[in-house]
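Participant: To start, I am sharing the structure in question, which I have written as structure tokens.
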Amino acid sequence: MSHIELSFEETKQKIIEEIKQYQFGFLATTDGSSAYVREIRFVPDGLTLYCFTDKRSRKRKQIMKNPNVAVAYGNHKIPNRGVQIEGIALLRGHPLEEENKDLLEAYKRTAPEAYERSMKRHFVPSRPNLSVIKIEPRRVTLMIQGATAADSYMDIIDIEQKEAHRIMVNIGDNIESPLYQKS
């Protein structure tokens, strides 16, 4: 298994372009004893992600206790590829509040039709319990499973350290790299 140092900015842009291919991802949270995963529509703004939930939801209560979350993207339409984002979830107010201006701009830019539907049906005063979850990434992994082991790799970026690395790997490998196991 080899490790290659990559350009942080180039790898970041590559992953941002990959995320744009997905409308939905999977959000993982925990209550301390069990993990929960649910499919959610995310609004990407670079590597920062936004999603919506009811203020009374289980996921919001879990995030209040433990803001560490993971998001996974991948589906059968884009085989042998996926993205995993490890980050911190921040709980925000109703989508129309001033603190969520950046979300609304990103939503309108990335999914204009969904944005228009949401403005008419969901982001309305009659839904006061609707709230926003902002996910700030700490580490992002792009996984590519190629036709051969030589074409299979994981590009990992550490946001805080501004580092990017590629690990050549094949599914089923025991990944002992500190870059991969770093938490």
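Nothing in this text is a laboratory measurement; each read-out follows from the coordinates by a stated rule. What you see is a predicted model, and the numbers here were worked out from it, not measured in a lab. A quick note on method: Cβ atoms are made from the backbone with ideal geometry, for glycine too, and the neighbour counts reach across all protein chains shown.
Participant: Taking amide H positions as placed 1.01 Å from N in the peptide plane, with prolines and chain starts having none, which residues 5 or more places from Asp45, or on another chain, fall under 5 Å of its amide H?
Facilitator: Distant-sequence amide H within range of Asp45: Tyr50.
Participant: Using only Cα atoms, find the angle between the long axis of helix 101-110 and the longest principal axis of the chain, and express it within 0 to 90 degrees, rounded to the nearest 10.
Facilitator: On a 0 to 90 degree scale, this one is about 60.
Participant: Assigning unit charges at the beta carbon (Lys, Arg +1; Asp, Glu -1) and nothing else, what dipole magnitude in debye, to the nearest 20, does the chain show about its Cα centre?
Facilitator: Magnitude of the dipole: close to 1080 debye.
Participant: Once the dipole of the chain is set up with Lys and Arg at +1 and Asp and Glu at -1 on Cβ about the Cα centre, which of Pro137, Tyr107, His165 lies farthest towards its positive end?
Facilitator: Of the candidates, Tyr107 comes out farthest on the positive side.
Participant: Please work out how much length the chain gains when fully extended from Arg38 to Lys61, using 0.36 nm per residue of separation minus the C-alpha to C-alpha distance, in nm with one decimal. Working shown, then result.
Facilitator: Working: separation 23, 0.36 × 23 = 8.28 nm, distance 1.45 nm.
Stretched fully, the Arg38-Lys61 segment lengthens by 6.8 nm.
Participant: Next question, about the same structure. Within the range 12-27, name every residue whose backbone N is under 19 Å away from a label modeled 7 Å from Cα of Ile144 along the Cβ vector.
Facilitator: 12-22
Participant: Follow-up. Starting at the first residue of the range 62-72, write each ³J(HN,Hα) from the Karplus equation 6.51 cos²θ - 1.76 cosθ + 1.60 with θ = phi - 60°, in whole Hz, x for Gly and Pro.
Facilitator: In residue order, the calculated couplings are 5, 5, 4, 7, 8, x, 6, 9, 9, 10, 10 Hz.
Participant: Please tell me which of these pairs span more than 28 angstrom C-alpha to C-alpha: Lys77/Lys101; Lys77/Lys120; Lys20/Lys101; Lys14/Lys61; Lys14/Lys77; Lys77/Lys162?
Facilitator: Lys77/Lys101; Lys77/Lys120; Lys14/Lys61; Lys77/Lys162
Participant: Taking only DSSP H segments of four or more residues, each worth -39500 (n - 2.57), what value at 222 nm results for the chain once the sum is divided by all its residues, to the nearest 500 deg cm²/dmol?
Facilitator: That calculation yields -6500 deg cm²/dmol at 222 nm.
Participant: Treating only the Cβ atoms of Lys and Arg (+1) and Asp and Glu (-1) as charged, compute the dipole magnitude of the range 1-81 about its Cα centre; round to the nearest 20 debye.
Facilitator: I would put it at about 620 debye.
Participant: Between Asp45, Asp54, Asp155, where does the largest GNM mean-square fluctuation fall for the chain, given springs only between Cα atoms within less than 10 Å?
Facilitator: Highest fluctuation of the listed residues: Asp54.
Participant: Ser7 to Arg92: extension gain in nm, 0.36 nm per residue of separation minus the Cα-Cα distance?
Facilitator: 27.3 nm
Participant: Round to the nearest 10 and give me the degree value, 0 to 90, for the angle of helix 8-19's Cα axis relative to the longest principal axis of the chain.
Facilitator: 60 degrees
Participant: Additional query: Hey, with R₀ at 30 Å, roughly what FRET efficiency would Asn75 and Arg117 work out to, going by the Cβ-Cβ distance, to 0.05?
Facilitator: Result of the calculation: an efficiency of 0.85.
Participant: Which of [x] 17; [y] 28; [z] 36 is the computed percent of Cα pairs over 28 Å apart for the structure on display?
Facilitator: [y]
Participant: Could you derive backbone 3J(HN,Hα) for the range 155-166 from the dihedral phi with the Karplus parameters 6.51, -1.76 and 1.60 (θ = phi - 60°), listing whole Hz in sequence and x where the residue is Gly or Pro?
Facilitator: So the Karplus estimates, Gly and Pro as x, are 9, 10, 10, 9, 5, 5, 7, 6, 10, 9, 9, 10 Hz.
Participant: Can you list residues whose amide H is under 5 Å from Val169's amide H, if they're 5+ apart or on another chain and H is modeled 1.01 Å from N?
Facilitator: Excluding prolines and chain starts, which carry no amide H, the hits are Ser152, Tyr153, Met154.
Participant: Also, I was wondering about something else. Within the chain, what's the longest stretch lacking trypsin sites (Lys or Arg not before Pro) that sit in DSSP loops with no more than 13 other Cβ atoms inside 10 Å?
Facilitator: 78-161
Participant: Here's another thing I want to ask about it. Once you mark the GluC sites (Glu not before Pro) that are in a DSSP loop and have at most 14 other Cβ atoms within 10 Å, what is the longest gap between them in the chain? Numbers along the way, then the final one.
Facilitator: On the way: sites that count: Glu97, Glu160, Glu176.
My reading of the result: 1-96 is the longest stretch.
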